[in-house]
Amino acid sequence: MAIDLRILGRKLYQTFAAVRTGIILILVVGVFAALGTVILQRPSTDPEILQRAYSPQTLALLDRVGLTDVYHTWWFITLLALVSISIVFASLERWPNAWRFYARPYTYPEPHFRLGLQHKSEIPIATEEHGLSAARAAFRKVGISAKEVSNHEPAALFAERHRFAVMAVYVIHASLLLIFIGGMIDGVFGYRGFLQLVKGETKNVIEMRDRADRVDFKTIPFSVRCDDTGQENYADGSPKKWWSKLTVVDNGRDVLSKEIVVNDPLVYRGLRFYQASYGESGDLESLILNVRQSGEPDKELTLTASSPAQLNPTTTIQVSQFIPDFYIQDNEVHLRSKDPVNPAIQLAVNHSGKISTVWVFPAQDQIGDATPFTFELKSGKLAHFTGLEVSHEPGQYGVWAGCVLMGCGLLVAFYMVHMRFWAVPVRKPSGELVLWVGGAFNKNRDRFEEFYKQVVDAIQEELKTGGSPNVNAEVQDTLAGASSR
């Protein structure tokens, strides 16, 4: 049986244009977005933390279905695309009527319209001109301008307030599209990685991990240098904040410097560098040695990890190796771990052009001996690293613009009521001439009824001051809902 593609296309269009479809899709997106905030996400979470938080079976399942990296999975991006399509189709389906209502407002109240309108009043007047003049002045008094509709007999007045409020729903639709499109761009082109620096170090390569904990490296188009990093503590010694002084080096020039803390990143060329961690790197920053030489007084010497120090005119000393936790096998020193619990320091001594090496083992109270010198460690300082989370989110500007636009749309939708008012002189079957006043609204009934009463009261007041002979006539107010309260 042949399938009519036009009929199928029309059914798909109607399905996605339905409000029910849009609501269901938004709820599904909301559920998975919430799961992404509850479930620890890669790569922003350290793999060891993930392994402690979930059992191996649970973690494998979460990785397999993509719940540990929700916002970059193909199915989440597809959901965002489907929601966007639904918003576009729903807007297109309703736009012609909305634009017709906005661009060509109903300005003249025909008899059948006057009969069916809920909020209406009839105020006795002496002449048509006097009634319209009083209504025009009253509209101006309450803050709205009236338009005279003279292409009908009799002439009428039309006034409205906040007509643009009827377009608030399309402003909200546009804001949602910006947010979802920004999310899709981030999901496809965005990435997150890590950069670890010690003081004085410059790098332009970040580390990235996938769901299988495979490490990949990405080169960024500029370098970042750590000028300093540290930790501030509370009085009890617990950490108060971490900070880092970073400098961006682009084409060999320092172009931007900033001290960052948590939630206050450095931003350059679409990349954000967040303060994520801080700690001891396991590398040596500096140490102080006590140097003894036969027949000479002891001398205190400060060494850095990267440059030699001058002991005397014929002797320099340099740190050639630092092993934070060592063990000895086959008469050689090896690294056990990066934890500085059992350090070993190898010094290179250049004495009168002759270079010799010596090991110092501070934890075992062993001093180094390189004739004619002996070396004893007095103190040392380990280098601290700053851990930076690096994020590239090219769609973030669309997301932020969407959030701002949504705020404006919601402000209009909730706090601005579209009100319409008509005033037309009408001759009743009894021959009495009255000014028929009617009003309509799109939401917030209580607010409208309060304003409608102000309009009617203002017209009556204008009629009084205008000297109408019928100012004491009873106003037949049929305001809908008033009698039922």
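Would you please report the Å³ per residue occupied by the convex hull of the alpha carbon atoms in the range 1-71?
Details: hull volume 9.5 nm³, N = 71.
Normalising the Cα hull of the range 1-71 by residue number yields 134 Å³.
Using Cβ counts within 10 Å as a stand-in for footprinting exposure, how do Phe421, Phe194 rank, fewest first? List each step's numbers first, then the result.
Details: Phe421 26, Phe194 18.
Ranking Phe421, Phe194 by Cβ neighbours within 10 Å, fewest first, gives Phe194, Phe421.
Note down the relative contact order for the chain as a percent, whole number, built from C-alpha pairs under 8 angstrom at least six residues apart. Walk me through the numbers before you get to the answer.
Working: 891 pairs, mean separation 101.7, N = 485.
RCO, the chain: 21 percent.
Could you line up Cys403, Cys226 from fewest to most neighbouring Cβ atoms inside 10 Å? Working shown, then result.
Details: Cys403 13, Cys226 22.
By the 10 Å Cβ count, ascending, the order reads Cys403, Cys226.
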Query raised in the report: If contacts are Cα pairs under 8 angstrom and at least 6 residues apart, what is the relative contact order of the range 5-101 in percent?
Result: 44 percent
Report task. Using a cut-off of under 11 Å, list every residue of the range 106-140 whose amide N is near the label point 7 Å from the Cα of Glu461 along the Cα-to-beta-carbon line. Result -> 138-139
Query raised in the report: To the nearest 500 deg cm²/dmol, what mean residue ellipticity at 222 nm is calculated for the chain from DSSP H runs of n ≥ 4 alone, each contributing -39,500 (n - 2.57), summed and divided by the residues?
Result: -11000 deg cm²/dmol
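Restricting to Cα atoms and excluding each atom paired with itself, what does the Kirkwood estimate give for the range 283-382 in Å?
Details: mean 1/r = 0.0727 Å⁻¹.
One over the average 1/r among Cα pairs gives 13.8 Å for the range 283-382.
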Report summary line: Matching label for the computed percent of Cα pairs over 38 Å apart, out of [x] 33; [y] 58; [z] 20, is [y]
**Report entry** the range 230-342: proportion of alpha-carbon pairs further apart than 17 angstrom, %
**Finding:** 73 percent
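Quick one: if the Förster radius is 60 Å, what FRET efficiency do Ser223 and Lys147 give, using the C-beta to C-beta distance and rounding to 0.05? Walk me through the intermediate numbers first.
Details: r = 65 Å, r/R0 = 1.08.
The formula returns an efficiency of 0.40 here.
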Query raised in the report: Ordered by packing density, taken as the mean number of other Cβ atoms within 10 Å over each peptide's residues, highest first, how do 171-183, 72-84 rank?
Result: 171-183, 72-84
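Taking other Cβ within 10 Å of each residue's Cβ, how do His112, His384, His162 sort, fewest first? Could the numbers behind the result be given before it?
Values: His112 8, His384 20, His162 16.
In order of increasing Cβ crowding within 10 Å: His112, His162, His384.
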Report summary line: Each label sits 7 Å from Cα toward the beta-carbon; between Trp74 and Glu376 the label points are separated, in nm, by 6.8 nm
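All of the numbers you see were taken from the coordinates with simple rules; none came from a lab. Just so you know, these numbers come straight off a predicted model, no measurement behind them. Here Cβ is always computed from backbone atoms with ideal geometry, including for glycine, and neighbour counts include all displayed protein chains.
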